[in-house]
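Remarks on the structure that follows.
The values are calculated or read from the model by the stated rules, or taken from the named source; none is laboratory data. Keep in mind the model is a prediction, meaning the values are calculated, not measured. So basically every Cβ, Gly included, is an ideal-geometry build from the backbone, and we count neighbours across all protein chains shown.
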Amino acid sequence: MISETPKLQPIVPEYHVRILEDEQLDKLQTATLEILEQVGVHCPSEKALHIYAEHGGWVDFTHQVVKLPRQVVMEAMSHAPRFYTMGARDPSFDLKLDGTAFYCATDGCGVETIDFITRQRRPSNKDDVARMAQVTDYLSAIGFYWPIVSAQDHPKTAPLHELDASFNNTVKHVQSETVMGEWTAHYAIEMADVIAGDERTRRQRPPLSLLVCSIAPLAQDRDGLESALLFAEADLPVGFMSMVNTGSTAPATIAGTLVTGDAEIISALVLIQMAHPGAPVFHSLMPGIMHPRTGDYQSSTFEGSLLYPLGAEMAHRWGVPTLAGVFGTDALVPGWQSAAEAESSLLLCAMVGAETGSGLGLVESCMLLYPEAVLLDADVYHRVRNEAAGLDTSPEALALEVIKEVGPRGHFLAHRHTRTNLRRRQFSDLTGQPRLGGGYRDPLEVAREKANWILENHHPQPLDEAQQEELTRILKAADRV
């Protein structure tokens, strides 16, 4: 039986903050421009190098390095749209990136899963992608879906099978972080056409977008760039993420890390705007910090959480939307650490005006899926959503007449105003759940039960039969190559 997907509840901040002053943003942007002009980036794509050269870039074809004069960068970036829409299978779930709301996605690309039934750790598969799409389809905290783990049972065409599992199990927008190379991109765009129904809809309300990671420091991925160029040609939004690591693939300072990562991202966004002016793009800076004693990559440190909203402010300085880092945790299991590492970065990203963010649902530095983790992260999300919503000071909320009526040593419980407004208060459905015999239940246990309940009871609107058949045809064609 089909069930209705609950409406989205984006974070709509009532108040905003600025972390960086204009002078600081000027310094960072100027530093990025200096790096791009004097140092450049490595680009192993002949196709991309020719585009750079044709539009004013200084290209060393022998060493595959491109340097970008300041005026070339600024001219290209002037064409990038500040606002646009990421479409969904159901139009009521379209994401209007107009600067008023903050939408979050799951994390993605995990490689292992705690099995839904046996609770044993194992490699992830396509069914995990599908089941988590079903769970996140139900969650009002999730604005769009990243295939949360990899379809390792389809190693050759995993990205396409991840899209198939996603499109079949959620009506929300889907964003891939694994479609790499022209060959795969062509099939992915075909799949987007099936979901959109026609080319015009695909261009106006794109149901699919792409995130491409750069290679730190100061390098691009050939297949990533070439798939991004095809997506941009099809008007499917494409973004670039830098995951530079403070102390190893970036300088051991926060400002130096920001500049290194920003240079990687901007060099790629410039390429897209050179080839397809006005194509929808986004900027995503998600650095880590190297642990000085172990050399480990750490995604959530005291200073690391600040890097994400700073990245959002830099994106806006360039005039493009951002995909901000939220919820990334180094915790080994869901619990105190994962919650502590989530809320501050999420709240700050919302208050600086980030349009989108990703990271819900994985632990171990984005490697391991606990099915209940996305429920726990959604709970933190809703806490932040309420914190960011501001204070209602209407006459109804001030309740002056009610206070006067009840008076000193009175009680508000019996008042009609209380009965009306107490129902409007929002509470966690994971914490504060009474336990038989007294006390409260463990939120982890409640989250597991809720995940199982969703899988048993929530059945998203399916694709129609013709769409399912067409996706199957595309997958079979890709698998045969």
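Among the residues making up segment 343-376, those that are β-branched (Val, Ile, Thr) and more than 13 Å from ILE142 (Cβ to Cβ) are VAL352, VAL363. Contact map, segment 46-62: residues that are within 14 Å of GLN220 (Cα to Cα) paired with residues that are exposed (fewer than 13 other Cβ atoms within 10 Å of the Cβ), Cβ distance under 7 Å, separation 6+ or inter-chain. Pairs shown: LEU49/PHE61. Selection of segment 334-380 for residues being β-branched (Val, Ile, Thr) and touching a strand residue (DSSP E or B) at 6+ places or on another chain (Cβ under 6 Å) yields THR356, VAL374.
For VAL380, state whether it is under 25 Å from PHE102 (Cβ atoms) and of a type in the set (A, V, I, L, M, F, W, C).
Details: under 25 Å from PHE102 (Cβ atoms): yes; of a type in the set (A, V, I, L, M, F, W, C): yes.
Yes.
Scanning segment 52-92 for residues that are among the polar types (S, T, N, Q) and loosely packed, with under 13 Cβ neighbours inside 10 Å, which turns out farthest from PRO206 (Cα to Cα)? Per the stated criteria, the residue is THR62. Filtered by the rule that a residue be modelled with pLDDT of 95 or more and assigned to a loop (DSSP other than H, G, I, E, B), segment 445-481 gives HIS458, HIS459, PRO460, GLN461, PRO462, LEU463, ASP464.
Please verify whether segment 285-293 includes one or more residues that are free of Cβ contacts under 8 Å to residues at least 12 places away in the same chain, touching a Phe, Trp or Tyr at 6+ places or on another chain (Cβ under 9 Å) and either among the aliphatic types (A, V, I, L, M) or more than 27 Å from MET86 (Cα to Cα) (or both). Lay out the reasoning, then the answer.
Initial filter on segment 285-293 (free of Cβ contacts under 8 Å to residues at least 12 places away in the same chain): 291, 293.
The next check asks that each one be touching a Phe, Trp or Tyr at 6+ places or on another chain (Cβ under 9 Å); those that pass are 291.
Those still in the list that are either among the aliphatic types (A, V, I, L, M) or more than 27 Å from MET86 (Cα to Cα) (or both) too: 291.
Yes, segment 285-293 contains a residue that is free of Cβ contacts under 8 Å to residues at least 12 places away in the same chain, touching a Phe, Trp or Tyr at 6+ places or on another chain (Cβ under 9 Å) and either among the aliphatic types (A, V, I, L, M) or more than 27 Å from MET86 (Cα to Cα) (or both).
Counting only helices (runs of 4 or more DSSP H) that sit completely within segment 360-440, those holding 3 or more residues that are buried (at least 18 other Cβ atoms within 10 Å of the Cβ) and out of contact with any helix residue (DSSP H, G or I) (no Cβ under 7 Å at 6 or more places or on another chain) correspond to 373-388.
Only one entry of THR322, THR329, THR294 meets the criterion of being surrounded by 24 or more Cβ atoms within 10 Å (Cβ to Cβ) and either farther than 23 Å from TYR370 by Cα or among the acidic types (Asp, Glu) (or both), and that entry is THR322. The set of residues in segment 143-168 that are part of a loop (DSSP other than H, G, I, E, B), of a type outside the set (Val, Ile, Thr) and either surrounded by fewer than 24 Cβ atoms within 10 Å (Cβ to Cβ) or modelled with pLDDT under 95 (or both) comprises GLN152, ASP153, HIS154, PRO155, LYS156, ASN168.
Within segment 119-131, the residues that satisfy the criterion of being surrounded by fewer than 20 Cβ atoms within 10 Å (Cβ to Cβ) and either in a loop (DSSP other than H, G, I, E, B) or among the acidic types (Asp, Glu) (or both) are ARG119, GLN120, ASN125, ASP127.
Per the conditions (1) under 22 Å from the mean Cα position of the chain (by Cα); (2) more than 15 Å from HIS42 (Cα to Cα), the sole criterion not satisfied by ALA255 is (1). Quick one: would you say MET286 is surrounded by fewer than 24 Cβ atoms within 10 Å (Cβ to Cβ) and under 16 Å from LEU258 (Cα atoms)? No.
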